[in-house]
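Structure record follows, encoded as structure tokens.
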Amino acid sequence: MPKLPRNIRRVKVKRVHLAQWFGLMVDMLQVGFSIRQTLEFTITMMPKQEPVIAYVEKQLERGMNFADAMRPWLTADLYYQLQLAEHHGELTVALGEMSKYLALREKERQQLRALAQYPLLLFGMLVGLGVVMRLYVYPELNDWQTWQLPGWVTSLKAALLGASGAGLTLGLLRYLTWRKQPRLAQVNYLCRLPIIGRLVRLYFGYYLTSNLAILVRRGLSLKEICALFSEFDPASLLYQLGHQLAHQGQSGADLNIFVKHQPCLPNELISFIGRGLTNERLGEEFSLFARLQFERLQRQTESLIVMLQPILFLIVALGILGMYLSLLLPIYQSITVVK
């Protein structure tokens, strides 16, 4: 991949820009415009991204395909999804799916920002109040009356600090271990996590079945799909998944067992493949299943986002309670001593 010119690197292409860009291309490609004509129109509609769009158009004139020209602004998963679709003549379908996915991600980001804004503001004010109390209030209490926290409070504080430190250390070690694993192992680990694991499974179920739908509709067998995946970057998910599938096929292992041992693969694939459908019908059902997975992902994400704000408020409430206790306990103890 050629190095981008400096003026291109300075232009910010955010997720929302890609969603708008791909959405415009889909609308024009569906009515018969060519890719270059859609790019020229997109420059008019998105003038701030003109250097990037003009760069992509120039790369197309040099003979590069659209997926390779867009690679600097795409994640690895989206790049290979676009490459497969373009190679098999379904670029418009892939652009439409990617536009919806990117728009969903942007919507989630905006919702998270709106829901977390007020709790985080309260948390910041709570931290500031804690600093003021630590610097000015607690020293005055020490001068006013010699006091000592109850033993159970001291023990609880030490236990919480110890548990927090151990948890952070364990989390850091687990993260470093996870980073060193192959991409397929990383994805399967994320799929097993509580709460977010279901979202990860839904996304990769959508991502993998939508890619399989394109390949199956084009008449590719499982062996040919594995051979195609083997041409990708060894660090990519599709390459590693294809390598594992090819190894299973050579060893004569049961495909059903392989699917069950890969959390990123939906178990429904077993029933789809076992029904003996034609490639065209199987591809259509894969496409339908991918759309259903995307809709489930959207609903689950919205549900999780709605739960976030009460959790943040609870954390702030616990912080306020702890601060009041740290202020009132010494005063109560001092009054008890006077009595």
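Bear in mind these aren't lab numbers, they're just calculated from the coordinates by the rules spelled out. Note that the coordinates shown come from a computational prediction; the quantities given were computed from them, not determined experimentally. Glycine also receives a Cβ, built like all others from the backbone with ideal geometry; neighbour counts cover every protein chain displayed.
Here are some pairs, Lys3/Lys100; Lys12/Lys48; Lys3/Lys48; Lys3/Lys180; which of them have Cα atoms lying more than 19 Å apart in this structure? Mind dumping the intermediate values first?
Details: Lys3/Lys100 29 Å; Lys12/Lys48 9 Å; Lys3/Lys48 21 Å; Lys3/Lys180 27 Å.
Over 19 Å Cα-Cα: Lys3/Lys100; Lys3/Lys48; Lys3/Lys180.
Nearest 10 degrees is fine. How inclined is helix 279-338 to the longest principal axis of the chain, computing both from alpha carbons?
The angle comes out at about 10 degrees.
What residues qualify as long-range amide H neighbours of Ser230, i.e. H under 5 Å apart, gap of 5 or more or another chain, H built at 1.01 Å from N?
Placed amide hydrogens put nothing under 5 Å from Ser230.
Kindly express, to the nearest 10 degrees and within the range 0 to 90, the angle between helix 151-180's C-alpha long axis and the longest C-alpha principal axis of the chain.
Helix 151-180 sits at roughly 20 degrees to that axis.
Can you show me the helix-derived [θ] at 222 nm for the chain, built from DSSP H runs with n ≥ 4 at -39,500 (n - 2.57) apiece and divided by the number of residues, rounded to the nearest 500.
-26000 deg cm²/dmol, from helical runs alone.
Along each of the three principal axes of the Cα atoms of the chain, give the extent in whole Å, ordering the values from largest to smallest.
89, 54, 34
Helix 35-45 versus the longest principal axis of the chain: what is the Cα-based angle in degrees, 0 to 90, to the nearest 10?
Helix 35-45 sits roughly 40 degrees off the main axis of the chain.
State to the nearest 20 debye the size of the charge dipole of the range 128-339 about its Cα centre, where the only charges are +1 on K and R beta carbons and -1 on D and E beta carbons.
Dipole size: approximately 220 debye.
For the range 248-255, in order, what is each residue's ³J(HN,Hα) by Karplus, 6.51 cos²θ - 1.76 cosθ + 1.60 with θ = phi - 60°, in whole Hz (x at glycine and Pro)?
Working through the residues one at a time gives 5, x, 5, 7, x, 6, 6, 5 Hz.
What Kirkwood Rh does the range 1-101 have if only Cα atoms enter the pairwise 1/r average? Answer in Å.
Taking every pair of different Cα atoms in the range 1-101, averaging 1/r and inverting gives 13.6 Å.
Around Leu304, under 13 Å between beta carbons, what's the net of Lys plus Arg minus Asp minus Glu among the other residues?
After counting each charged neighbour, the total is +1.
Which whole-Hz couplings ³J(HN,Hα) result when phi for each residue of the range 55-62 is put into the Karplus expression 6.51 cos²θ - 1.76 cosθ + 1.60, θ = phi - 60°, listed in order with x for Gly and Pro?
Coupling constants for the range 55-62: 5, 4, 4, 5, 5, 5, 5, 7 Hz.
For the pair Thr278 and Gln186, how long in nm is the line joining their label points, each one 7 Å along Cα→Cβ?
4.1 nm
So which trypsin sites (Lys or Arg not before Pro) in the range 10-117 pass both tests, a DSSP loop state and at most 12 other Cβ atoms within 10 Å of the Cβ? Provide the component values of the computation, followed by the final result.
Details: sites: Arg10, Lys12, Lys14, Arg15, Arg36, Lys48, Lys58, Arg62, Lys100, Arg105, Lys107, Arg109, Arg113; in loops: Arg10, Lys12, Lys14, Arg62.
Those that pass, being in a loop and sparsely packed, are Arg10, Lys12, Arg62.
Within 12 Å, Cβ to Cβ, of Leu292, how many net charges do the neighbouring residues add up to if Lys/Arg are +1 and Asp/Glu are -1?
0
Where Lys and Arg each count +1 and Asp and Glu each count -1, what net charge lies around Arg109 among other residues with Cβ under 11 Å from its Cβ? Could you put the intermediate results ahead of the total?
Values: positive: Lys14, Arg15, Arg105, Lys107, Arg113; negative: Glu106, Glu108.
Its environment carries a net charge of +3.
What whole number of Å gives the distance from the Cα centroid of the range 238-262 to the Cα centroid of the range 54-113?
A separation of 28 Å, based on Cα centres.
Taking 0.36 nm per intervening residue step and subtracting the Cα-Cα distance, what contour gain separates Leu120 from Met323 on full extension?
Working: separation 203, 0.36 × 203 = 73.08 nm, distance 1.71 nm.
Result for the pair: 71.4 nm of gain on full extension.
What do you get for Rg/Rh of the range 185-268 when both radii come from the Cα atoms and Rh is the Kirkwood radius?
Using only Cα positions, Rg/Rh for the range 185-268 is 0.96.
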